[in-house]
Amino acid sequence: MQVAGKPAKDSRTVTTQIIFPVDANHNETMFGGKLMEIMDKTAAIAALRHARMQVVTASTDSLDFLAPIQVGEAIEAEAFVTWTHRTSMEVFVSVMAENVQTGERKRTVTGFFTFVAMQDGKPSAVPPVIPESELEKHLFQTAGARYELRQKRKQDRQIDL
């Protein structure tokens, strides 16, 4: 039985918060690990919205830190499902930082997260995604190549160390 597809925009999730000194390192820039946590949670909600069942993070890749985030800036993490396989979903996350006093905004990090839908403790089928915007279509069309790279990387790590 083929499951009906869902538009990518239906999984869109945005998380916004201000960066405090506790979120930062000695340079007064945000800890990368703290930012990754926010990205993972935002991506998880997007995956949950698409699958409508429990999900687990299976992979994080292509995290590209483009600019530092300063204490006092607001960040906006936006995520949506870009592509699906049988039980997995690729989720794109982009983070913008904003100087709330000047209004200046900059893209600070992008990345891809893979989630697996789970039902009764087992991977479960997810609906296909329907891309509509130009960005959604581009990420959808290039997702197969990223999937193959993740599979190869996973296979390469199966060796005994």
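Worth pointing out:
- Stokes-Einstein translational diffusion, segment 6-156 - Kirkwood Rh over all Cα pairs, 1.002 mPa s, 20 °C, in µm²/s: 134 µm²/s
- Estimated FRET transfer efficiency (E104, N25; beta-carbon r; R0 30 Å; 0.05): 0.85
- 5 angstrom amide H check on F31, placed H, neighbours 5+ away: A24, N25
- Applying a DSSP loop filter and a limit of 12 other Cβ atoms within 10 Å to the chymotrypsin sites (Phe, Trp or Tyr not before Pro) in segment 110-161 leaves nothing.
- For the chain, the longest piece that avoids every one of the GluC sites (Glu not before Pro) found in DSSP loops with at most 15 other C-beta atoms within 10 Å covers 29-103.
- Cleavage-rule hits (trypsin sites (Lys or Arg not before Pro)) in segment 77-161: DSSP loop, at most 12 neighbouring Cβ within 10 angstrom: R86, R157
- A4-T142 pseudo-label distance in nm [points 7 Å out on the Cα-to-Cβ vector]: 3.2 nm
- Degrees, to the nearest 10: 134-156 long Cα axis against longest axis of the chain: 80 degrees
- Formal net charge of residues neighbouring H50 (Cβ-Cβ distance under 9 Å; K, R +1; D, E -1): +2
- Annotation: lysines with alpha-carbon distance below 23 angstrom to K9 (same-chain offsets under eight excluded): K41, K106, K137.
- With respect to the chain, whose longest principal axis is taken over its alpha-carbon atoms, helix 32-51 is tilted by about 40°.
- The Cβ shell under 10 Å around A67 holds other residues with a net charge of +2, Lys and Arg each +1, Asp and Glu each -1.
No value in this document is a laboratory result; all are computed from the given coordinates. Everything numeric in this text was worked out from a predicted model, so none of it was measured. With ideal geometry, Cβ positions are generated from the backbone for all residues, glycine too; neighbour counts draw on all protein chains shown.
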